[in-house]
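These notes concern the structure reproduced below.
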Amino acid sequence: MRRVRVQWENPVGLDVVLKLSGDNDYGPYQIDSHHVVFGPSALVYIGMAAEQTFGVRFKQHEAYWLSEENDVEIRVGRLWPDDYVKDRGGRDWKQLLSDTEALLVHWHSPPYNTQHIIDYTGQALHVQNWGNRGSILPECTSEWDAPRPRDD
């Protein structure tokens with residue numbers, strides 16, 4: 001079982017995230033907004049910025065759907081540097097980020113995510129969420145499955 005630590009930052013507005021374009025502005029993120037069913041400050045989406053910075057990724061979200069949301073707060077996270085191999089091309093970091101995002105989505109089931117809700121197929125992970133993690137659980141693991149409602 002591989003441990004990965006995510007350091008989450010305080011929530012900010014879209015205007016701040018759009019400016020995040022530095023060398024370290026990559027990682028998982030979570031979006032809270034008002035949701036018709038879940039109410040104010042609901043976790044509605046978990047994503048990742050891997051091939052592009054947070055700023056570039058959120059320009060896409062803004063154009064596609066985020067500009068229609070109310071009371072948006074965004075938390076960005078960064079993978080702890082000691083938890084991945086610093087290989088050329090960042091292959092280990094990218095895979096670890098992708099699996100971390102998938103496991104977070106699987107455990108939290110945000111309403112705007114469509115993939116990874118039903119099952120998690122990545123590497124064996126134990127994700128620890130540090131810092132201002134919002135409504136994300138402090139820890140989640142692929143060792144056992146997230147509880148789901150039964151259909152019977």
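The residues of segment 17-37 that are loosely packed, with under 15 Cβ neighbours inside 10 Å and not basic (Lys, Arg), listed by number, are Ser21, Gly22, Asp23, Asn24, His34, Val36, Val37.
Based on this model, can you work out whether Ile136 counts as touching a helix residue (DSSP H, G or I) at 6+ places or on another chain (Cβ under 9 Å), hydrophobic (A, V, I, L, M, F, W, C) and either surrounded by fewer than 20 Cβ atoms within 10 Å (Cβ to Cβ) or outside any strand (DSSP E or B) (or both)?
Working: touching a helix residue (DSSP H, G or I) at 6+ places or on another chain (Cβ under 9 Å): yes; hydrophobic (A, V, I, L, M, F, W, C): yes; either surrounded by fewer than 20 Cβ atoms within 10 Å (Cβ to Cβ) or outside any strand (DSSP E or B) (or both): yes.
Here the answer is yes, as Ile136 does meet what is asked.
If you check Trp93, Trp80, which single one turns out to be farther than 24 Å from Val36 by Cα, touching a strand residue (DSSP E or B) at 6+ places or on another chain (Cβ under 6 Å) and not hydroxyl-bearing (Ser, Thr, Tyr)?
On the way: Trp93 fails: touching a strand residue (DSSP E or B) at 6+ places or on another chain (Cβ under 6 Å).
The unique qualifying residue is Trp80.
Taken over segment 52-74, the criterion of being of a type in the set (A, V, I, L, M) and either part of a loop (DSSP other than H, G, I, E, B) or within 18 Å of Val105 (Cβ to Cβ) (or both) is satisfied by Leu66, Val72, Ile74.
Of everything in segment 65-91, what is surrounded by 11 or more Cβ atoms within 10 Å (Cβ to Cβ) and free of Cβ contacts under 8 Å to residues at least 60 places away in the same chain? Give them in sequence order. Hits for segment 65-91 are Trp65, Leu66, Glu69, Asp71, Val72, Pro81, Gly90, Arg91. Of the residues making up segment 14-51, not one is closer than 15 Å to Gly134 by Cβ, in a loop (DSSP other than H, G, I, E, B) and under 16 Å from the mean Cα position of the chain (by Cα).
We did not get these values from a lab; they are worked out from the coordinates using the rules stated. Source: prediction; values computed, not measured. No Cβ is skipped: glycine too gets one built from the backbone with ideal geometry, and neighbour counts run over all protein chains shown.
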